[in-house]
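Here's the structure we're looking at; comments come further down.
The values are calculated or read from the model by the stated rules, or taken from the named source; none is laboratory data. This one's a predicted model, so the numbers in the text were calculated from it and none came from an experiment. Because the Cβ atoms are built from the backbone with ideal geometry, glycine has one as well, and the counts that use them run over all protein chains shown. For the accessible areas, the whole protein counts, side chains as well, though only heavy atoms, and no ligand, DNA or RNA atoms are used. Shrake-Rupley method; radii C 1.70, N 1.55, O 1.52, S 1.80 Å.
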Amino acid sequence: MSWITLALAGFGVWLLVEGALCAIAPDYMRRIGQLLSNLPPRDLAVGGLVVAAVGVGLLMLAVRTA
């Protein structure tokens, strides 16, 4: 599996999940946005790094098992 195929698949899944959440629970998504805007920048940055690390791990797992 090429990296472009993997990137496109990952981006497609991301859009699918986010779009479905906005369609199914728009009020919840709005509350999450407000919660994130109220977080201190350091907490948001640390959370982003953790999520990015999990994403890298999942991508590595997907490439090794493909």
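Look through L44, L8, L21, L35 and report the one residue that is within 16 Å of the chain's Cα centre (by Cα) and open to solvent by 100 Å² or more (accessible area, probe 1.4 Å).
L8
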Next item on the list: Give just the number: which of (1) at pLDDT 95 or above; (2) surrounded by 10 or more Cβ atoms within 10 Å (Cβ to Cβ) does V13 not satisfy?
Entry: (1)
Notebook entry, point to check: If you take just the helices (runs of 4 or more DSSP H) that sit entirely in the chain, which of them hold at least 2 residues that are among the β-branched types (V, I, T)?
Noted result: 3-24, 41-65
Checklist line | M29, sole failed condition from (1) free of Cβ contacts under 8 Å to residues at least 12 places away in the same chain; (2) open to solvent by 80 Å² or more (accessible area, probe 1.4 Å) | finding: (2)
